[in-house]
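A.B. asks: For reference, the structure I am asking about is given below.
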Amino acid sequence: MGALPLRIFSIAGFCHRDLRHDRVHAAGYCACSILSRISRAGHLALTQAVPLIVLLFLLFPRVTAGFRLLLGPSGAATSGFSDRISPGSVEALANSSAVAFRAEFPDGKLPAGALYWRGLVLAQGDGMEWRSRDTPLSISRSSQQLPAGGAIRQWITIEPHGANWMFALDRPVDAPSGAILNPANCLWSLQRIIKPRRYEVTSDPDTTQKDLQPRERERLLDVPASISPAARALAASWVTADPDPQQIVRRALDFFHTQRFRYSLSPGEYKRNDLDEFLFRRRLGFCEHYAASFATLMRLAGVPARVVVGYLGGEFNEMGRFYLVRQSDTHAWCEVWLPAAGWKRIDPTSVVAPERVNLGLDFFLERRGEVATMSRQAAFARTFARQPVFAKIRVVWQTLNYAWDSRVLGFEAETQQTFARHIGLPDLKPMSLLLLSACISVLFILVTASLVQLRARTRSEPVQTVYKRFCAKAARIGAARDPCEGPVDFSRRLIEVLPEESNRVATISNCYVALRYGREINPRILNQFAREVQLFASAKK
């Protein structure tokens, strides 16, 4: 490192010596003219490259895989979101501020009430532990419920999580390209999401499955034999009071509301599938405790039920007009089948901690004083982020991040095909787009090179013509210019041969340097240059 300054000065010395050899700096134009030419060349190259960069960005075929393939085919999801829940599984995400996805509503239309973002349906229950089935199958377009007047369109920009599930406002009614919509109205990507992905989806909160097949109904009433007699007796009491499914649901919600259940991020450790401990003794839990236990009780009462996991709420960004949903917004709720209404969303958390559902997790934590139960780092981060100055900085930063992810990284193959159709191009395959991009690039380079060459020739032609005339005059009097001789060196030698023309030769040399290496051709200097060359050695003809 100590020799680095010496090397820099040595290089500078060589450059200075070369410039002295050409003597161009004697005219006062060398340094500034070279720097200005380099600057102009850089600006010209950048300006000429911008259209090509834009064309390649729009037309170069997108590859669905990326560097994040290093996650490996068996890599677990990086978000912590899972296709199963058990006591403590969702609770573990409550302290995570990592971004899950961002959502915007281009039509400005929002659902009434809380924002439930649907992820997965867990239909296999074992008391307090629920899991999804195998990879979902898509439903045919004809069997999908078409959106009614309440349809809501969204653009979702999802963060990479290494799995296949996708999210949309409850309930999605169509699937974007590269994804399927299963019978439970859940989106499933055909490829693992290993990089940010942007997609458009339409949801209709009122859409539902109109019928329930007997075999499906049987599966949705299945309960393990290990369920305790106490839990079975509780569900049976509701059926005895009134077998109507709607009344059973109402009595179950009343049970959670009146029996002093509490919502907490830190309910303590539960034993595996210990439903009785939660229902009859501790009565303290997070959203997954309430969703899992409620669904189990519904099945015990003869009401088909399942658990849904996703996200609830989100932080609205006023500047970017989008919702930012974090891992801490992870939520679980329940769906029950009612003969007159189909699948109905029931969130037992709403009767235990309504402020959590209606006002968000942050408000709930502050109101209940549960910030103190969080880790010191998480509590400090929440307090720090809510300061006015840093809140504004955070909003700006989130907006910039979203713009980058959605407009640049989100320009995927689907968006590219849409753009191609919009400008009148047919549906081109990736290889066709690649060939088209290559042809455009070659054509652009050829046209640019021709224009640059033409511009340089047009700019220097009058100056060079006059200077060649000057050199020809000097050659006729025995002072021919050497091809390797610079203009200043040539003028110095010519002054020694013709001392009486020293002033005119110096003027010609200075004018030539100014015109040849200056920023622009000055018409006044060009006229003076031509006049002095015309008068040079006129008496010696």
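The values are calculated or read from the model by the stated rules, or taken from the named source; none is laboratory data. Please read these numbers as outputs of a predicted model, since none were measured by experiment. Neighbour counts run over all protein chains shown; Cβ positions are idealised from the backbone, glycine included.
A.B. asks: From P205, P147, which residue is part of a loop (DSSP other than H, G, I, E, B), closer than 19 Å to F101 by Cβ and at pLDDT below 90?
C.D. replies: On the way: P147 fails: closer than 19 Å to F101 by Cβ.
Within the list P205, P147, the selection yields P205.
A.B. asks: I need the full set of residues from region 259-294 which are farther than 26 Å from Y311 by Cβ and among the aromatic types (F, W, Y), in order please.
C.D. replies: Passing the criteria: only F280.
A.B. asks: If I ask for residues that are assigned to a loop (DSSP other than H, G, I, E, B), charged (D, E, K, R) and in contact (Cβ under 8 Å) with a residue 12 or more places away in the chain, which ones from region 240-265 would you list? Talk me through it step by step, then tell me what you get.
C.D. replies: Kept after step one, since they are assigned to a loop (DSSP other than H, G, I, E, B), are these residues of region 240-265: 242-244, 259-261, 264-265.
In the following step, the residues that additionally are charged (D, E, K, R) were identified as 242, 244, 260.
Selection gives R260 alone.
A.B. asks: Just to be sure, is E500 free of Cβ contacts under 8 Å to residues at least 12 places away in the same chain and part of a loop (DSSP other than H, G, I, E, B)?
C.D. replies: Numbers: free of Cβ contacts under 8 Å to residues at least 12 places away in the same chain: yes; part of a loop (DSSP other than H, G, I, E, B): no.
Taking the combined requirement at face value, the residue does not satisfy it.
A.B. asks: What's the number of the condition R531 fails, among (1) among the basic types (K, R); (2) surrounded by 16 or more Cβ atoms within 10 Å (Cβ to Cβ); (3) in a helix (DSSP H, G or I)?
C.D. replies: Result: R531 fails condition (2) only.
A.B. asks: Scan A301, A332 and give me the residue that is within 28 Å of P243 (Cα to Cα), over 28 Å from the mean Cα position of the chain (by Cα) and modelled with pLDDT of 75 or more.
C.D. replies: Working: A332 fails: over 28 Å from the mean Cα position of the chain (by Cα).
Only one candidate passes the filter, namely A301.
A.B. asks: Tell me, which strands (runs of 3 or more DSSP E) lie completely within region 310-353 with 1 or more residues that are touching an Asp or Glu at 6+ places or on another chain (Cβ under 8 Å), within 22 Å of G88 (Cβ to Cβ) and not hydroxyl-bearing (S, T, Y)?
C.D. replies: Details: elements: 315-317, 322-326, 330-338, 342-346.
Here the list reads 322-326, 330-338.
A.B. asks: May I ask you to say which residue of R197, R260, R232, R250 is in contact with a Leu (Cβ under 8 Å, 6 or more places away or on another chain), assigned by TED's automatic domain parsing to the domain that holds I346, more than 22 Å from P111 (Cβ to Cβ) and of a type in the set (K, R)? It would help to see each step written out before you state the result.
C.D. replies: Working: R197 fails: in contact with a Leu (Cβ under 8 Å, 6 or more places away or on another chain); R260 fails: in contact with a Leu (Cβ under 8 Å, 6 or more places away or on another chain); R250 fails: in contact with a Leu (Cβ under 8 Å, 6 or more places away or on another chain).
One residue alone meets the criteria, R232.
A.B. asks: Being modelled with pLDDT of 95 or more and in contact with a Phe, Trp or Tyr (Cβ under 9 Å, 6 or more places away or on another chain) narrows it down to one of R232, R251, so name that one.
C.D. replies: Testing whether each residue is modelled with pLDDT of 95 or more and in contact with a Phe, Trp or Tyr (Cβ under 9 Å, 6 or more places away or on another chain) leaves just R251.
A.B. asks: I would also like to ask the following. So the check is Cβ under 7 Å with 6+ separation or different chains; which pairs have a first residue in region 475-490 that's over 16 Å from S502 (Cα atoms) and in the same structural domain as V513 (by TED's automatic domain parsing) and a second one that's assigned to a loop (DSSP other than H, G, I, E, B) and modelled with pLDDT under 85?
C.D. replies: Short answer, once both residue conditions are applied: G486/R23.
A.B. asks: Just the residues that are closer than 19 Å to R356 by Cα and either outside the structural domain of A340 (by TED's automatic domain parsing) or in contact with a helix residue (DSSP H, G or I) (Cβ under 6 Å, 6 or more places away or on another chain) (or both), please, taken from region 263-280.
C.D. replies: Looking only at region 263-280, we keep the residues that are closer than 19 Å to R356 by Cα, and these are 263-267.
Scanning region 263-280 gives Y263, L265, S266.
A.B. asks: As an exercise: evaluate E315 against (1) surrounded by 20 or more Cβ atoms within 10 Å (Cβ to Cβ); (2) modelled with pLDDT under 95; (3) in contact with a helix residue (DSSP H, G or I) (Cβ under 9 Å, 6 or more places away or on another chain); (4) not polar (S, T, N, Q) and give the number of the one condition it does not meet.
C.D. replies: (1)
A.B. asks: Out of the residues in region 256-301 that are acidic (D, E) and surrounded by fewer than 20 Cβ atoms within 10 Å (Cβ to Cβ), state the one that is farthest from N95 (Cα to Cα).
C.D. replies: Of the residues in region 256-301, the ones acidic (D, E) are 269, 274, 276-277, 288.
Going one step further and asking which of them are surrounded by fewer than 20 Cβ atoms within 10 Å (Cβ to Cβ), we end up with 269, 274, 276-277.
Working: E269: 17, D274: 25, D276: 27, E277: 25 Å.
Among residues in region 256-301 that are acidic (D, E) and surrounded by fewer than 20 Cβ atoms within 10 Å (Cβ to Cβ), the one farthest from N95 (Cα to Cα) is D276.
A.B. asks: Please specify each residue of region 335-350 satisfying the condition of being among the β-branched types (V, I, T) and at pLDDT 95 or above. Break it down into steps so the answer makes sense when it comes.
C.D. replies: Residues of region 335-350 that are among the β-branched types (V, I, T), as a first pass: 336, 346, 349.
Correct list: V336, I346.
A.B. asks: When you go through R153, R68, R131, R171 one by one, which is the residue that is in the same structural domain as D347 (by TED's automatic domain parsing) and either modelled with pLDDT under 90 or crowded, with 19+ Cβ neighbours inside 10 Å (or both)? If you could, list the steps in order and put the result at the bottom.
C.D. replies: Details: R153 fails: either modelled with pLDDT under 90 or crowded, with 19+ Cβ neighbours inside 10 Å (or both); R68 fails: in the same structural domain as D347 (by TED's automatic domain parsing); R131 fails: either modelled with pLDDT under 90 or crowded, with 19+ Cβ neighbours inside 10 Å (or both).
Exactly one residue qualifies, and that residue is R171.
A.B. asks: Residues of region 84-98 being surrounded by fewer than 19 Cβ atoms within 10 Å (Cβ to Cβ) and either modelled with pLDDT of 80 or more or in a loop (DSSP other than H, G, I, E, B) (or both), which ones? Before you say what the answer is, go through the steps one by one.
C.D. replies: To start, the set of residues in region 84-98 that are surrounded by fewer than 19 Cβ atoms within 10 Å (Cβ to Cβ) comprises 84, 88, 92, 95-98.
Answer for region 84-98, where residues must be surrounded by fewer than 19 Cβ atoms within 10 Å (Cβ to Cβ) and either modelled with pLDDT of 80 or more or in a loop (DSSP other than H, G, I, E, B) (or both): R84, G88, N95, S96, S97, A98.
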